[in-house]
Amino acid sequence: MARHNKKHDRRKARTAAPAVRKTPHTSGKKASPEEIASCANKIRTFLMQTNQRQLPAAELARKCRSGKCPEAFQLAMEQLMQQGVIFERRRGYALCERFDCFPAKTVRLARSFGFIADEEGTEYFVPGKFLMGSMPGDRVLARRLEARSESPEAEVLSILEETENAQITGKVVPGEGGLYFLADTMSSTPLHIDYRESVHYALGDKVLAVLTARGRRHMEHRVKVILNFGTSDSAENCMAAKIAGMEIPVEFPADVLREAEKYAAVGVTAFDMEDRADLRGECIFTIDGASSKDLDDAVSIRRTANGWELGVHIADVSHYVRPNSKLDADAFERGTSIYYADKVIPMLPPALSNGICSLNCGEDRLAFSAVMQISPEGDLLDAKFSKSVINSCVRGVYSECNAVLDGSADAEIQAKYAPVADSLRELDKLTEVLEHRRRQRGAPELESTETAVILDENGICIGLVPRERGRSECIIEACMLMANQAAARLAREAGIPLVYRVHEDPAPERVAALKEMLVKLGLPCPQFEEATPRDMQKILEEARDKSCFPVVNKLTLRSMAKAKYSHEPLGHFGLVLRDYAHFTSPIRRYPDLVVHRILSDYLDGAGKEWLCKRYGRFTENAAEHSSAMEVRAVSIERDADDCYAAEFMLSHVGEAFHGIISSVTDFGVYVTLDNLVEGLLHIHDLPEGSYEIEEGWYLKETYSGQEYRLGDEIEVICARADVNLGKVDLGLA
C-alpha cells in the first residue's frame, strides 16, 4: 500500500556512459584483422584481471602496448564497444559482464518510460531519464537494475548503433517564439522543428516527423516534418499518421499488383479444375457481414445416419500465392489484414482478396474443402481434406440469416434463402450440439469486449456499439472451429510440420492475482492450485448476474496467456482442445496460407521426411513473425478504438455519465461508461486529501474515508477529450 503524497525513495545517481567516441587514425600503417583481434583479446584479458573492475584509458593502452599499432588498438576498442563487450565509464573502461551489462534493442517508448529487449527477447522497463535519448530500433548497451515491480528494469548506458531515419508521430503545438513538435511518445517537452527542411504545417496538425539531430535526452532531439495529415482532432487523420509512423504498407508494390491481376484476368480455367472434387452441384453458401468483400469461407451440411456431414470450403489462396513469389514475400511481411473503423489494410491485393479468391455467389471458385463426420454428441469422427471447385448458391448476410432463423424475415429475405433454408436450420441444430459439447469440456465463456464505431457521412465517430453476435455468427464460428481442429489433428497425427494456433496455461502468478481480486470483490473462488479451463468458467458463472461481471470478465481474460502461433502443437487452453490451427482465413491471415500449402503437399503425396526438410524451419519463422504482426495489428485496432472514442466524446464534454470503475492505478481510476467509452478519473481531479492506494483494488482518502473501489458504480462528467492521444479525462459529477 502506498500514499499518493508520500515521496518514494529515489535511487542514487547513476553513472551514464557517453556515446562511443571515434577518433581519427593517425598511424600510417593499416591494421590487419589479426592485429585487431589480438588487441581485442588483450583488452578483454586485462579488463578481466584488474582488481578495480575498470582501467583508465591510458593504463589500458599501455598494458596493450598500443604504441606498436595505435590503429589496431583504436579499432579493437571501437569494435568491442559496438559489440557490447566493453563500455566507457568516467574513470576508464570496463567489461560489460562485470557490471551486469548487456546489449539490447529499444523496442517502444511512452511519454515517461520505455522498453528494451535483450537478445533472448526478454523485455526490460526503463524509466525515461535512463533511456539516453534512444529510439525504437536503436542497439543499446544496458545495465540491469533492481526491479520495483514484476517487470525487470534496466538503464541504457550508451547507444551502440542508431536506427536510421527514426520516425515519430505527433502534433504541432505553440511554443516560445513559434511552433513546436509534441511527440505522441518519448517526451512531454515539445521539440524544435527544422522548418526550412519541413513540409508545410500549421498549429494543431497531426504530422509525421523524422529526427534531424539527436541529444542525450529525448527532449534535446530536433525534427523535421515529412508528412502532414491535417487536424489532430480527426481520428481518421490520427490513425493514418500512426500507420505511416509504424511503416505499415498501405499500398502494394507494382510487381505484386501485376502478379495478382494476372491471375484475376485469367479467371478459373478448365486446367485449374483438373484433379479437383467438383462440388458445384452441392448446396454450398457463404455467410458474412453485409459490407464484407473478402469471402473466404463457405459451408454445407447434410444429416447422416451417424450424425452430420459438415463441409467447410475455404478459398484456395495457396493455388495463386506460390512459394518464393512476389505475392508470397509481400503477404509474409504483412502477416495479416488490419481492420479498424470502416477501413481495411489487406494482406493480399484486391484482385485476389475481393476477386478471384473471394467465394462470390454464382461464380466458380477454387477451394480447399474439409468434409467432416460429426457424431450426434458433437465429436469429430473423421475428416477428409481435398482440393475442390465450388459455386456458392447464396451470398448469406449475418443479419438476414438471423432473421430467417428467428422467424422475423420478410418475404424478400425468405425468397432469397429458400435454397439454403433447410441447411441453415440443420447448421443451427449442429451448432447447439457443438456448443453443448464445448461447455462439457469446461471452456470458459468469456464475453467479447469488442466495440464497433458508428461513423457519419464525413467519417466522424457518432457512437460506439458492442459488436453483435447473433445466431448465424455462432454457427459460422462453430463450423470454423471444427475445420481448424480437423486440420491440426491431421498434421499432428501425420507428424508433419504446421503452424498451430496455441493458447498456453495461465501463469501461476496471474492466477494468484485473480484469486486475490475475487476475494476482495466478495466472490467465491474455486479451490485449485493449477487453474483449469473449468475453474475459469466457474469464476465467470459465479459473477454472471452481478453488476461486477464486466470487471470479473476482464480480470479473467487478463489472467490468461495470449494466444499465438507456434510450430509445436501445444494445445488451446481457452477452447480446451488438444489440436487447433488456423485453416479458415487464408485471404487475411498468413498462417492459414501456410497450413493450406503444407496440407496441399501432403495430399499430393509428399512424405514426412520431405515435408520436415521443406517446412521445418519455415514454420518456426512463420509462426514467430505472424505472432508479431498480429500483435501489431491488435495495437492499431485498439488505438483506433481509443481515437474514435475520444472523437465521439469531443461533442459531449461537460456532460454527465454513469459508469463502473474498471481498473485502479496509483494515478487514478479508469471508468467504463455506459456508452462503452473508457476514461481516466485522475487522482488530481478527486477531492483534495491524502490518498491510500492499493493498486488494482482501491483509492481511499485517509481522513474522510471516501473510497473508489474496483467495480463500484460512479457518476462522472467528461472533462476533456484528446483525439490525438486517444484519451478521455473525467471529473466527478
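When you look at S292, is it assigned by TED's automatic domain parsing to the domain that holds V389, out of contact with any Gly (no Cβ under 8 Å at 6 or more places or on another chain) and of a type outside the set (A, V, I, L, M), yes or no? Please lay out each step first, then the result.
Details: assigned by TED's automatic domain parsing to the domain that holds V389: yes; out of contact with any Gly (no Cβ under 8 Å at 6 or more places or on another chain): yes; of a type outside the set (A, V, I, L, M): yes.
Considered against the rule, which asks whether it is assigned by TED's automatic domain parsing to the domain that holds V389, out of contact with any Gly (no Cβ under 8 Å at 6 or more places or on another chain) and of a type outside the set (A, V, I, L, M), S292 comes out as yes.
Results for (1) within 23 Å of the chain's Cα centre (by Cα); (2) at negative phi, shown as yes or no for each residue.
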residue	(1), (2)
H652	no, yes
G659	no, yes
G668	no, no
H684	no, yes
E688	no, yes
Y691	no, yes
I717	no, yes
R720	no, yes
L725	yes, yes
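Check every one of the strands (runs of 3 or more DSSP E) wholly within region 390-504 and list those with 1 or more residues that are polar (S, T, N, Q). Break it down stepwise before answering.
Working: elements: 395-397, 451-455, 461-466, 500-502.
Where strands (runs of 3 or more DSSP E) fall fully within region 390-504 and carry at least 1 residues being polar (S, T, N, Q), they are 451-455.
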Qualifying residue in region 410-419 (condition: within 17 Å of A290 (Cα to Cα) and aliphatic (A, V, I, L, M)): yes
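Among the residues of region 622-654, write down those that are of a type in the set (S, T, N, Q) and exposed (fewer than 13 other Cβ atoms within 10 Å of the Cβ). Lay out the reasoning, then the answer.
Taking region 622-654 first, the residues of a type in the set (S, T, N, Q) are 626-627, 635, 651.
S651, the sole residue that qualifies.
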Single residue of A183, A213 found to be outside the structural domain of G137 (by TED's automatic domain parsing), among the aliphatic types (A, V, I, L, M) and more than 25 Å from R632 (Cβ to Cβ): A213
Of residues in region 159-191 being out of contact with any strand residue (DSSP E or B) (no Cβ under 6 Å at 6 or more places or on another chain) and either closer than 24 Å to F130 by Cα or among the aromatic types (F, W, Y) (or both), the one surrounded by the fewest Cβ atoms within 10 Å (Cβ to Cβ): E164
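With surrounded by 13 or more Cβ atoms within 10 Å (Cβ to Cβ), within 34 Å of the chain's Cα centre (by Cα), within 30 Å of S234 (Cα to Cα) and touching a residue at least 60 places away in the same chain (Cβ under 8 Å) as the only criterion, which of V453, V397 stands out? If you could, list the steps in order and put the result at the bottom.
On the way: V397 fails: within 30 Å of S234 (Cα to Cα).
Answer to the selection: V453.
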In region 213-246, residue nearest to S134 (Cα to Cα) [restricted to those that are in contact with a strand residue (DSSP E or B) (Cβ under 7 Å, 6 or more places away or on another chain) and part of a loop (DSSP other than H, G, I, E, B)]: H221
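Residue-by-condition table, conditions (1) modelled with pLDDT under 95; (2) part of a strand (DSSP E or B):
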| residue | (1), (2) |
| --- | --- |
| G281 | yes, no |
| S291 | yes, no |
| V312 | no, yes |
| D330 | no, no |
| S358 | no, no |
| L381 | no, yes |
Some residue of region 631-644 being out of contact with any Gly (no Cβ under 8 Å at 6 or more places or on another chain), at pLDDT below 95 and farther than 30 Å from G463 by Cβ: no
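Please tell me if G84 is at pLDDT 85 or above and part of a loop (DSSP other than H, G, I, E, B). Show your work before the answer.
Working: at pLDDT 85 or above: no; part of a loop (DSSP other than H, G, I, E, B): yes.
Here the answer is no, as G84 does not meet what is asked.
Quick one: which residue in G668, G726, G696 is outside the structural domain of L455 (by TED's automatic domain parsing), surrounded by 15 or more Cβ atoms within 10 Å (Cβ to Cβ), of a type in the set (G, A, S) and free of Cβ contacts under 8 Å to residues at least 60 places away in the same chain?
On the way: G726 fails: free of Cβ contacts under 8 Å to residues at least 60 places away in the same chain; G696 fails: free of Cβ contacts under 8 Å to residues at least 60 places away in the same chain.
Going through G668, G726, G696 in turn, just one is outside the structural domain of L455 (by TED's automatic domain parsing), surrounded by 15 or more Cβ atoms within 10 Å (Cβ to Cβ), of a type in the set (G, A, S) and free of Cβ contacts under 8 Å to residues at least 60 places away in the same chain: G668.
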Any hit, region 306-318, residues being free of Cβ contacts under 8 Å to residues at least 40 places away in the same chain and either surrounded by 24 or more Cβ atoms within 10 Å (Cβ to Cβ) or farther than 30 Å from Q373 by Cα (or both): no
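Hey, could you check region 108-129 for residues that are crowded, with 21+ Cβ neighbours inside 10 Å and of a type outside the set (A, V, I, L, M) and say which is farthest from A94 (Cα to Cα)?
Here the answer is G114.
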Leading residue by the ranking (modelled with the highest pLDDT) among those in region 645-673 that are hydrophobic (A, V, I, L, M, F, W, C) and assigned to a loop (DSSP other than H, G, I, E, B): V653
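Of the residues E473, E509, which is in contact (Cβ under 8 Å) with a residue 60 or more places away in the chain and crowded, with 16+ Cβ neighbours inside 10 Å?
Numbers: E509 fails: crowded, with 16+ Cβ neighbours inside 10 Å.
Checking each option against the conditions leaves just E473.
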Residue pairs meeting the criteria (Cβ under 9 Å; at least 6 apart or on separate chains; first surrounded by 15 or more Cβ atoms within 10 Å (Cβ to Cβ), in region 50-63; second in a helix (DSSP H, G or I) and small (G, A, S)): L60/S66; A61/G67
Out of A329, A351, sole residue that is without any contact (Cβ under 8 Å) to a residue 40 or more places away in the chain, aliphatic (A, V, I, L, M) and more than 13 Å from S585 (Cα to Cα): A329
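Conditions tested, residue by residue: (1) under 30 Å from R139 (Cα atoms); (2) in contact with a Phe, Trp or Tyr (Cβ under 6 Å, 6 or more places away or on another chain); (3) polar (S, T, N, Q).
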position: L157; (1), (2), (3): yes, yes, no
position: T169; (1), (2), (3): yes, no, yes
position: M219; (1), (2), (3): yes, no, no
position: V223; (1), (2), (3): yes, yes, no
First in region 404-416 and assigned by TED's automatic domain parsing to the domain that holds G470, second anywhere and surrounded by 10 or more Cβ atoms within 10 Å (Cβ to Cβ) and part of a loop (DSSP other than H, G, I, E, B), Cβ under 6 Å, 6 or more apart: none
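Condition check: in contact with a His (Cβ under 6 Å, 6 or more places away or on another chain), farther than 30 Å from L464 by Cβ and in contact (Cβ under 8 Å) with a residue 60 or more places away in the chain. Does Y580 satisfy that? Let's see the steps before the verdict.
On the way: in contact with a His (Cβ under 6 Å, 6 or more places away or on another chain): yes; farther than 30 Å from L464 by Cβ: yes; in contact (Cβ under 8 Å) with a residue 60 or more places away in the chain: yes.
Judged against the criteria, Y580 is a match.
Out of all the residues in region 304-317, is one or more of a type in the set (S, T, Y) and within 27 Å of the chain's Cα centre (by Cα)? If you could, list the steps in order and put the result at the bottom.
Residues of region 304-317 of a type in the set (S, T, Y): 304.
Pick out the ones that are also within 27 Å of the chain's Cα centre (by Cα) and you get none.
Scanning region 304-317 turns up no residue that is of a type in the set (S, T, Y) and within 27 Å of the chain's Cα centre (by Cα).
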Residue selected from region 410-448 under the condition in contact with a Lys or Arg (Cβ under 7 Å, 6 or more places away or on another chain) and within 22 Å of V576 (Cβ to Cβ), by the criterion surrounded by the most Cβ atoms within 10 Å (Cβ to Cβ): G442
Some residue of region 474-494 being assigned by TED's automatic domain parsing to the domain that holds H313, under 22 Å from the mean Cα position of the chain (by Cα) and over 22 Å from F573 (Cβ atoms): no
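If we keep just the residues of region 34-81 that are part of a helix (DSSP H, G or I) and of a type in the set (K, R), which is modelled with the lowest pLDDT?
Residues of region 34-81 that are part of a helix (DSSP H, G or I), as a first pass: 34-49, 57-63, 66-68, 70-81.
Those left that are additionally of a type in the set (K, R): 42, 44, 62-63, 68.
Numbers: K42: 85, R44: 82, R62: 82, K63: 82, K68: 75.
Out of the qualifying residues, it is K68.
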Some residue of region 696-713 being in a strand (DSSP E or B), of a type outside the set (F, W, Y) and within 28 Å of A452 (Cα to Cα): yes
Residues of region 570-597 classified as under 30 Å from M560 (Cα atoms) and in a helix (DSSP H, G or I), total: 7
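The values are calculated or read from the model by the stated rules, or taken from the named source; none is laboratory data. Just so it is clear, the structure is predicted and the values come from calculations on it, not from any experiment. Neighbour counts are summed over all protein chains in view; Cβ atoms, including those assigned to glycine, are modelled from backbone coordinates with ideal geometry.
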